[in-house]
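**Q** Right, I'll just put the structure down here and ask away after.
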Amino acid sequence: MCQLSERDVDHCTISHVLLCCPLLHYLKEQVPQIFCLKKESNPQEEEELTQSRLLHPLECFLFGEDPQEGLEKLKHSSTSSQLCGRVFKEGETVYSCRDCAIDPTCVLCMDCFQDSVHKSHRYKMHASSGGGFCDCGDVEAWKIGPCCSKHDPGPELYERAEKLFRVLLRYVTDFLVWEETFELPAELQPRYGPTDAYYCVLYNDEHHSYDHVIYTLQRSVNCDQTEAQTHTGRRAVKRGTFLSCQDAKDLIRHISLQPLRVEILHAAVMAHQTFALRLGAWFQKIISYSVGFRQAFCQVALEPNTDRDHPCLISTLMLHDARMYKGARKIVHELIFCSMLMETEFKRLFAIEFTKHYKQLQKDFINDDHERSISITALSVQIFTVPTLARQLIEEGNVIKVVVDTVMELLHEHLDETNRFYFQGYNSDKFSRIQVIFHDLRWITDLRRQFLEGFKVFLGLLKCMQGMEEVKRQFGQHIAVEPEWEAGFSLQIQLRHILAMFQDWCSSDDEILLLAFKECHEILMQCNNQPFHREATDYYMCKNILHVRPYKVSQEPVSIHLPISRLLAGLYVLIAYVFFSLLQESYDYTQLAEYPLRCVVLAAQVSAEMWRRNGLSLVSQVYYYQDVKCRDEMYDKDILMLQVGAASKMDPNHFLMLILLRFELFDFFNGNCSSKDQWNRLTEEMLYLLIVIVGERYVPGISQVTKEDVTMREVIHLLCIEPMAHSSLVKGLPENESHETGLETVIAKVATFKKPGVSGHGLYEVKKERLVEFNPFFYHYSRSQHSKAEESQKKRRTQEGNDKALRPPVPPAFCPGFSNIVRLLCCDIIIHILRRVLLRAAEDRATLWTEAMIQRALHLIGQALLEEKTQLEDSSVEEVTFDFSLKARIGSEQSKSVFLLLSKIKALPSLEAQKDMVKWVLQVGYFCHIHIYIYIYICVCVAQDKEKAERKRKAEAAKLHRQKIMAQMSAMQKNFIESNKMLYENMPDSGMQGEPVATTESCAMEQRELCVAIGPHRGSTPPEREVLTCILCQEEQEVVAQAPAMVLTACVQRSTVLTQWSGTSYPLFMPPELAVGTHTGSCGHVMHATCWQKYFEAVQNTTRNRLHAELIIDLENGEYLCPLCKSLCNTVVPLIPLEPLTFNYGDGDTMALCGEGQPDFRSILSYGFSDSIAEMLVVCATTVHRVGLQTAPNELCPRVPLMAWNTCAFTIQAIENILQEEDKSLFGSLQNRQLAGLKAIVQFSASQRLKSSQAVIQRHFTDIKNTPSVLEVDFFHLLVDLQPSAVSSAYNHLHILHLVTMAHMLQILLSSTGTNKKQYYYYFLNYSVAERVKRGIEPFLRCAALFFNCLTGVHPPEELFVTSQGQMEALCSYLALPSNVFQLFQEHRDTVNPLLQRWCGSSAITKALKGKTQTVRYPRRRNRLIDLPEDYSALLNQASHFQCPKSTDDERKHPTLCLFCGTMLCSQSSCCLSQLDGEDVGACTAHAATCGAGVGMFLRIRECEIVLMASKTRGSTYPAPYLDDYGETDPHLGRGNPLHLCPERYRKLNQLWQQHCILEEIARSLEVVNVMFAFEWQML
């Protein structure tokens, strides 16, 4: 054979060799040379060699020519596949149409969804767990629109591929299931003899954590952490001799108690296994080219093995799935997805193979350690959800029997001696895996054929559940060990939808329905659980005799699990339409109702606290028995079976006596039992059960209602508790097998929607016209819901001016098969029960009755009277047989009538709350009583009635005539008023005659002259005496310079809110791009300095002992929470009084820029401070210096005063930015806390002139050598640095402002004439030079106005208190500037001209004008959060295409979007870890350090939540600004509803950032949440 080991080998020659020699011979030579001969692995080189020497020749052989040319020809000669078949990666967003999908498993990828008709339908979106593929093109998955616009049908077949695929697929299969570690198959043995190279291979599993594997590798093979992080899945951790690999294996296995899986593989075996995996990916690429390729692959994979004892290739791979490692499994699964599941015929053949091995595959999965998402058993959803496949599998493979038999075999170990399940001591992990099989049973959708056989097998499973896990009431001592109960209810939850679907399937065929009912009844009769232990006995009450066997729930075993009884109840309702006569004659309904009645009584006794000694396990079972997750197939079906018993030919008196017996109240109502509290509670529960049996008719088949009516009633009663969000309503409603509740179809009919604001969520409120349907004893209410609903409705009726009677609603009529139920309301026993209850209350025997008992009795009486009233209104009197009112009015010598007792209890003070209800009952009873007499009277007086009707008609006609005349007179009166309206228009208002209007110009001019903040004409500072109260000690104190210090809480933080672009942070002069600023904010709460110091020390001492206290506040950096509002703070700002100033200017003409002579501007600094204030000044200044420069505290640093001025300037600029952004007036818009904090910061910055030496201050402004150009300075920062001077005269004060203003004007002109124009400034080209300067300088003047207002206290002009655009004149007047600011250059031309020449001659200016350097344009760009798309799907699409820049694997990533700059990051992933201050941090933390100066706001796209970050260790989550149509957020896309951007909420997020409240929000969030386990925010 020719040698083919050279890199430059000709590919056509290789292709020719493949034709002439066996393919395996070629692979035997090439694969080891590429993958195992080199000691050091080079993945890139291996991939290049694999492509050039293996895959490319195979493609040449496949196409018979150059692959690129062959592929082009293929594209032109055939169309693309109809099926998309995109295999989903973990975390990829998928879509399901709620209108068109056959079931929720039918999903589309992002691209197909965007190009499909389903985009405009109701849809859900969620993140895929991996596996599965796009169903676009599958006509059986969609009701309409099966294809997107990109996929058309057109299959082709290539015979040439079949030969190649047969060899390669056999090769792949052999090595993926190969279990020999040192030997190769005979045909692949190398001819040069075996090498002595081996690999120590590590397999990751689901039991060991990521960190544990890294630690083990670092300890065992001496690799660093970075290298250890690369060893995921199956990786070779060492290459060498067999002994060296054996040593490494032993070391790895002995480091941990639970050893990792480690194997030693020969290098050749390792090489062929590696290439086999690579071929799997190659197969996926090749078969995507053509339908013919795919069909050829399927043909090869499914063709029978020549050895009949061995399965086909694909079955071999399936049966070895549990023994493969994760990477190999994923390759096999993806190969199946993109091949066999995309071809109808091959999908059928594959389904048959899958069903054939189903039991073994499930057994392997049970013993596997990997999740179902990466198990071959997960493919069942792709098979059993296809209707045609399900039918074929039922017909040919009896798949229902296969699935149920598998469950029974796996659960066989849990059967007790009575052949019932007993789950004590079960393995929860194994049991949870078994439960997954029930999903497969649920997916099977057509059971018309082979139904009965599958149904019988299913009943066998239910028979093992009937009566399982019996409980017996504990007496004397509390139960020692709580029994296991979760397994039984987990089984019930899994069977819930399956039971409902069986009933639906049975209803499709009358004959099958009858056979299924009989089979179910027969199985029920075979169940012998909870037998009777005594013979039947006669029981007497009200001349009625009941012959029944005694049984006490409180003394004998009882089970809550009765699936067969409940299935029979469901089938009974379905069969009642067709075979009702047969049902009435053939069955013992007393026996059918027995077990459900016991279960209801058990729940009642648990509610009455009779089973307290049985522990919480029984309480939990009863809770789930009635909970929305289980009630439709448990509690509801028990009520249904009791209604079946009540509707039968059984005497209603006997039925009620049976209920009294099982409630153990028979003797209590016969007067033979002493009173106990539990009897009262049981009586309440018994009366409640009667209310439910008679009143709950909203079941299709019980009455003429639809499923939509049922859902509407559920929604109404949920909203009667309180207004609810859509998600809360969904949680309160039962779901069908497609996870739909039907809420959307009915909600608009019963409720109105209130949209949410910037917080909270949208709420639904029940419509008023629907409140008449409210039933206070709705059987799906819990005890707490009943109380809330009752209180809510009584409050509503009181507000509307109505009585508080909560009347029973008028129910729909029973269907004929259940009409006998109403007999319960007028039988002798019910009258006896009601009379006994009311009599005890009337005699006021407090221990024998409760208000709740009376309330239920009144409701029952109301139900009976409404039933009688309805019958009287709908039928003639002689046809009505319901005679409750008659029996209720009849008394006896021993007892009084019901209505007489009602009249007595109406006057009881203890029943004041029920007074209105009693009145209503008596009124309805009176109506029913006189209805008969009215009827008789009408029959006798027909003639008189006709005459009366004629008179009435005439009276009505006269009345209408009078109304018409009155309407005409009213119209004439209105016309007269309109005609004479002018008579009233000129009449003067009272009190306004003769008063002149004060509009003299002199007053306005005088007022304006007083509103000047600077210069010789400065207005006076209003004298104010500021007396404040300490929030800690509540003592008042005046703010005086020599008094003890009063301080404001404050928070200093670095900020990039105003940043134009990243640059140098904090040089000598603040650059105009404001790269990083220091912001100081305050909540405005005042304390004594001494009180604050004591509080701060107490916080330091107490907080250290709190769990995870460092997550809330950073004690080392002086943080604390405000004692009053809990805002985050890290310093205090001392309050310095604003003293009124006296001026004596003399000759102003002698003043110059460098002014000489005595200073006459006397600031507060000339007075000096108390020691307390001086100390607080140091505290605040050092905090600003430490935080702003991120350095150690040093009060002697010469930059301390500079940082104080910088934080003052930056804080003012941030406030001005907010006011401008929100279009608020410059003055009068700030909150009191903001204004107080701003004044304190300005006075604090001014005080630095006194605190710092003059030499230190002058050093900042005399370094001429390093003076930046006029384009490299922020002039407002410079103004603040220069202005508060103790040595400057009033004129110098003004001249400094003039000089800085002129420099800034020059800066604006130079920056607007550069060649590097940005689109943001193009609109300036339409303005004149003067207009450009005016617009550019306005923010500077606004900031200056704020600054001087806080510094001097001079009241600003009224024009600045309103929002308007034309405020330039008012600003100039307040700042003593000419209205035309260009006049400054004329006034100071002699002084300024030399400066202008020097400024403009700077080389930096020349570069900027030539566009060589980046310059800031004015006004500056106002930063906002990035623009987000309106539809959240666009973000999900962006995330689906996101590729981590540092990783190539396809594992789940967390794409996270920075809302400051729009950068997409890979968060919570080891691939993007970086170093920050010597620590490993995640991508978001590292990005926040540069983008937000440590503060970050990120949107986690797949989780749909905002993450706020404040440092490496602190952060919190925040609701995303995306809401569904119901005004709710959807964290983690749990509900999957379409989401749209809420502008108001996004605006609030923007304000949170611009107002520097992110730190405060995080602190509040962490303070509220009880943090038990610290989240590693630094790894985000």
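**Q** Yes or no: ASP115 open to solvent by 30 Å² or more (accessible area, probe 1.4 Å), more than 20 Å from the chain's Cα centre (by Cα) and closer than 20 Å to HIS1441 by Cβ?
**A** yes
**Q** What helices (runs of 4 or more DSSP H) completely inside the range 44-163 contain at least 3 residues that are at pLDDT 80 or above?
**A** So the answer is 56-63, 110-114.
**Q** Here's something else I'd like to know. Within the range 1496-1549, track down each residue that is more than 22 Å from LYS731 (Cα to Cα), open to solvent by 20 Å² or more (accessible area, probe 1.4 Å) and part of a helix (DSSP H, G or I).
**A** Answer for the range 1496-1549, where residues must be more than 22 Å from LYS731 (Cα to Cα), open to solvent by 20 Å² or more (accessible area, probe 1.4 Å) and part of a helix (DSSP H, G or I): PRO1543, GLU1544, ARG1545, TYR1546, ARG1547, LYS1548.
**Q** Sort out which residues of the range 793-823 are more than 21 Å from GLN923 (Cα to Cα), open to solvent by less than 40 Å² (accessible area, probe 1.4 Å) and either out of contact with any Phe, Trp or Tyr (no Cβ under 8 Å at 6 or more places or on another chain) or assigned to a loop (DSSP other than H, G, I, E, B) (or both), and write them in order of number.
**A** Passing the criteria: PRO812, PHE814, CYS815, PHE818.
**Q** Looking only at the range 742-756, filter to residues that are in contact with a helix residue (DSSP H, G or I) (Cβ under 7 Å, 6 or more places away or on another chain) and open to solvent by 20 Å² or more (accessible area, probe 1.4 Å); which one of those is farthest from LYS629 (Cα to Cα)?
**A** Looking at the filtered set, the residue picked out is LYS749.
**Q** Quick one: is ALA841 in contact (Cβ under 8 Å) with a residue 40 or more places away in the chain and on the phi < 0 side of the Ramachandran plot?
**A** It is true that ALA841 is in contact (Cβ under 8 Å) with a residue 40 or more places away in the chain and on the phi < 0 side of the Ramachandran plot.
**Q** Taking the range 758-778 on its own, how many of its residues are part of a loop (DSSP other than H, G, I, E, B) and either open to solvent by 40 Å² or more (accessible area, probe 1.4 Å) or touching a Ser or Thr at 6+ places or on another chain (Cβ under 8 Å) (or both)?
**A** 5
**Q** Look through the range 1213-1270, keep the residues that are of a type in the set (Asp, Glu) and not in a helix (DSSP H, G or I), and return whichever of them is modelled with the lowest pLDDT.
**A** Selected residue: ASP1263.
**Q** Any idea which residue in the range 1359-1370 is most open to solvent (accessible area, probe 1.4 Å), counting only those that are free of Cβ contacts under 8 Å to residues at least 60 places away in the same chain and not polar (S, T, N, Q)?
**A** GLU1369
**Q** Next question. Whether any residue in the range 829-843 is within 47 Å of the chain's Cα centre (by Cα), surrounded by 16 or more Cβ atoms within 10 Å (Cβ to Cβ), of a type outside the set (Val, Ile, Thr) and closer than 21 Å to MET657 by Cβ is what I want to check.
**A** No, the conditions are met nowhere in the range 829-843.
**Q** Can you find a residue in the range 188-205 that is among the hydroxyl-bearing types (Ser, Thr, Tyr), part of a helix (DSSP H, G or I), under 30 Å from LEU55 (Cβ atoms) and modelled with pLDDT of 75 or more?
**A** No, that holds for no residue.
**Q** Looking at the range 508-552, which of the residues that are β-branched (Val, Ile, Thr) and open to solvent by less than 50 Å² (accessible area, probe 1.4 Å) is farthest from TYR422 (Cα to Cα)?
**A** ILE512
**Q** So SER508 passes all but one of these: (1) in a helix (DSSP H, G or I); (2) under 29 Å from LEU393 (Cα atoms). Which condition number does it fail?
**A** (1) is the only condition that SER508 fails.
**Q** Going by what's in this entry, would THR752 be described as part of a strand (DSSP E or B) and of a type in the set (Val, Ile, Thr)?
**A** yes
**Q** Kindly list the number of the only condition in (1) within 16 Å of VAL172 (Cα to Cα); (2) buried (at least 19 other Cβ atoms within 10 Å of the Cβ) that fails for GLN295.
**A** Tallying (1) within 16 Å of VAL172 (Cα to Cα); (2) buried (at least 19 other Cβ atoms within 10 Å of the Cβ), GLN295 fails exactly one: (1).
**Q** What number of residues within the range 1464-1478 satisfy the criterion of being of a type in the set (Gly, Ala, Ser) and within 16 Å of LEU1508 (Cα to Cα)?
**A** 1
**Q** For the range 711-727, state whether one or more residues are in contact with an Asp or Glu (Cβ under 9 Å, 6 or more places away or on another chain), among the hydroxyl-bearing types (Ser, Thr, Tyr) and open to solvent by 40 Å² or more (accessible area, probe 1.4 Å).
**A** Looking for residues that are in contact with an Asp or Glu (Cβ under 9 Å, 6 or more places away or on another chain), among the hydroxyl-bearing types (Ser, Thr, Tyr) and open to solvent by 40 Å² or more (accessible area, probe 1.4 Å), one finds none in the range 711-727, hence no.
**Q** Could I ask something else about it? Taking into account only those residues within the range 361-375 that are over 31 Å from the mean Cα position of the chain (by Cα) and more than 26 Å from LEU499 (Cβ to Cβ), which is least open to solvent (accessible area, probe 1.4 Å)?
**A** In this case the residue turns out to be ASP368.
A quick yes/no check of all residues on (1) of a type outside the set (Asp, Glu); (2) at pLDDT below 85; (3) surrounded by 15 or more Cβ atoms within 10 Å (Cβ to Cβ):
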residue: TYR1323; (1), (2), (3): yes, yes, no
residue: VAL1329; (1), (2), (3): yes, yes, no
residue: PHE1348; (1), (2), (3): yes, no, yes
residue: ASP1390; (1), (2), (3): no, yes, no
residue: ALA1404; (1), (2), (3): yes, yes, yes
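**Q** When only residues in the range 749-762 that are modelled with pLDDT of 90 or more and out of contact with any Leu (no Cβ under 9 Å at 6 or more places or on another chain) count, which is nearest to PRO104 (Cα to Cα)?
**A** Only one residue tops the list, namely LYS749.
**Q** Shifting gears a bit: As an exercise: evaluate SER1379 against (1) in a loop (DSSP other than H, G, I, E, B); (2) surrounded by 15 or more Cβ atoms within 10 Å (Cβ to Cβ) and give the number of the one condition it does not meet.
**A** Failed condition: (2).
**Q** So if I check each of ALA487, ALA576, which one is assigned to a helix (DSSP H, G or I), within 30 Å of GLY701 (Cα to Cα) and touching a helix residue (DSSP H, G or I) at 6+ places or on another chain (Cβ under 6 Å)?
**A** Exactly one residue qualifies, and that residue is ALA576.
The values are calculated or read from the model by the stated rules, or taken from the named source; none is laboratory data. As the structure is a prediction and not an experimental result, all values here were calculated from the model. Note: ideal-geometry Cβ built from the backbone for every residue, glycine included; neighbour counts use all protein chains shown. Please note that ligands, DNA and RNA were not included when accessible areas were found on the heavy atoms of the full protein model with its side chains. Shrake-Rupley method; radii C 1.70, N 1.55, O 1.52, S 1.80 Å.
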